Amino acid sequence: MKKISHALVTGGAGFIGSHLVDELVANGCRVTVLDNLSTGHRHNIDHLGDRIEFIEGDIRDAGLLNQVVKGCEVVFHQAAVVSVSLSVRDPSHSCEVNDLGTVRVLDASRRNGVRRVIMASSSAVYGDDPRMPKTEDMALKPLSPYAVQKLTGEFYASVFGELYGLETVCLRYFNVFGPRQDPSSPYSGVISIFMNKATAGEVPTIFGDGGQSRDFIYVKDVVRANLLAATETAAAGRVFNVGTGVVIRILDLWKLIGGLSNVQMDPVFDPPRAGDIRESVSDIGRIRQSLGFRPHMALRQGLIDTLAWYRNPSQGPRKK
Ligand code: UD2
């Protein structure tokens, strides 16, 4: 990897952010983490000790951002209210964090000479266009406040590029999974919830008929996409899908996780969630051709590794 001298990771104590921090540190990068610990955890980064600088604070705090961004070459903006259904319940709160917070991150970055900002966007921006797989040039149809907020962030990124010359790259994550994904809320990622249920021997709930499709990408592959986005010249000013192109239906996912956990339980079916999209699978041709990105981890192996983490009492999600 080309060297990054100093990076700020917003949301760096969270699931994806903390893996990104690990990799940056391993690459000899100086790292500052800004996280308000609303959903992130100190224990995700504790093992790094004083090899990173941790600032507990909020991305809506413009004064604080101006301080922490000073001297940073790259900002990885991972902090967000990440749940679609939480944004449906409380659109004002998620708007403040996801939109106002994002503008503040961009603004502090351009004022302080940051070279590039990598934005965590989402496949949610595609909404329910039935065409599969999703390509970056498709018409967008956000179906939830969360999706609107992520799309707004992309527009701001583009405008900050045009107006202020700030380099930005938007990464549309599909469904990310792996160790450290926190299963404790009803809005947690489905794999973390299913693993928690399987490990505890509890019956899972499936929203809808379980026929909805998702493209799950392992967290370490998402980290590699971020590092390419930060270091490849060709990435500047662009939007990329970050997925695998491989699809699985939610009911089949439960069967797979149940099988790997040696649990056989029929799920309970509840009505579909408001704002839920039916089909989601990525076309990753653009990021492959432009940045040379390929996911390394197959779903099954990724699930095995993640399950090992959930079962390890010294690492698993219940340790606070
Ligand atoms: C994910 C991302 C979100 C956004 C979106 C883009 C997470 C936590 N959220 O939302 O940030 O990028 O993708 O489309 O990764 N489900 C069940 N039972 C459960 C939990 C979930 O059936 O106990 C279903 C849920 O209704 C949905 C699917 O599983 O159809 C995936 O749910 P999710 O919350 O993991 O992720 P999603 O796709 O809503």
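The table that follows gives values for the structure above.
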read-out: Two-decimal log10 I(q)/I(0) for region 52-102, as the Debye equation yields it once each C-alpha is a single scatterer, q = 0.21, 0.31, 0.32 Å⁻¹; value: -0.81, -1.27, -1.31
read-out: Accessible area of the chain belonging to carbon and sulfur atoms, whole % at 1.4 Å probe; value: 51 percent
read-out: Per residue solvent-accessible surface (Å²) - region 44-128, probe of 1.4 Å; value: 41 Å²
read-out: GNM top mover of THR168, THR205, THR306 - the chain, alpha-carbon springs below 10 Å; value: THR205
read-out: Cα pair distances of region 95-246 binned at 5 Å [whole percent]; value: 2, 9, 16, 19, 20, 16, 10, 6, 3, 1, 0
read-out: Average projection area in nm² (convex hull over Cα atoms of the chain, one quarter of hull surface); value: 14.7 nm²
read-out: Contour minus Cα-Cα distance for SER184 and LEU48 (0.36 nm per residue); value: 46.6 nm
read-out: Alpha carbon convex hull of region 185-268, projected area averaged over orientations, nm²; value: 6.9 nm²
read-out: Å² of accessible area per residue within region 157-249, as computed with a 1.4 Å probe and no ligands counted; value: 33 Å²
read-out: Radius ratio Rg over Rh of region 1-143, counting only Cα atoms, Kirkwood formula for Rh; value: 1.00
read-out: Pairs beyond 24 Å (Cα-Cα), from LYS2/LYS220; LYS134/LYS255; LYS134/LYS220; LYS3/LYS70; value: LYS134/LYS255
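The values are calculated or read from the model by the stated rules, or taken from the named source; none is laboratory data. Every value quoted in this text rests on a predicted model; they were computed, and no experiment measured them. Please note that ligands, DNA and RNA were not included when accessible areas were found on the heavy atoms of the full protein model with its side chains. Shrake-Rupley method; radii C 1.70, N 1.55, O 1.52, S 1.80 Å.
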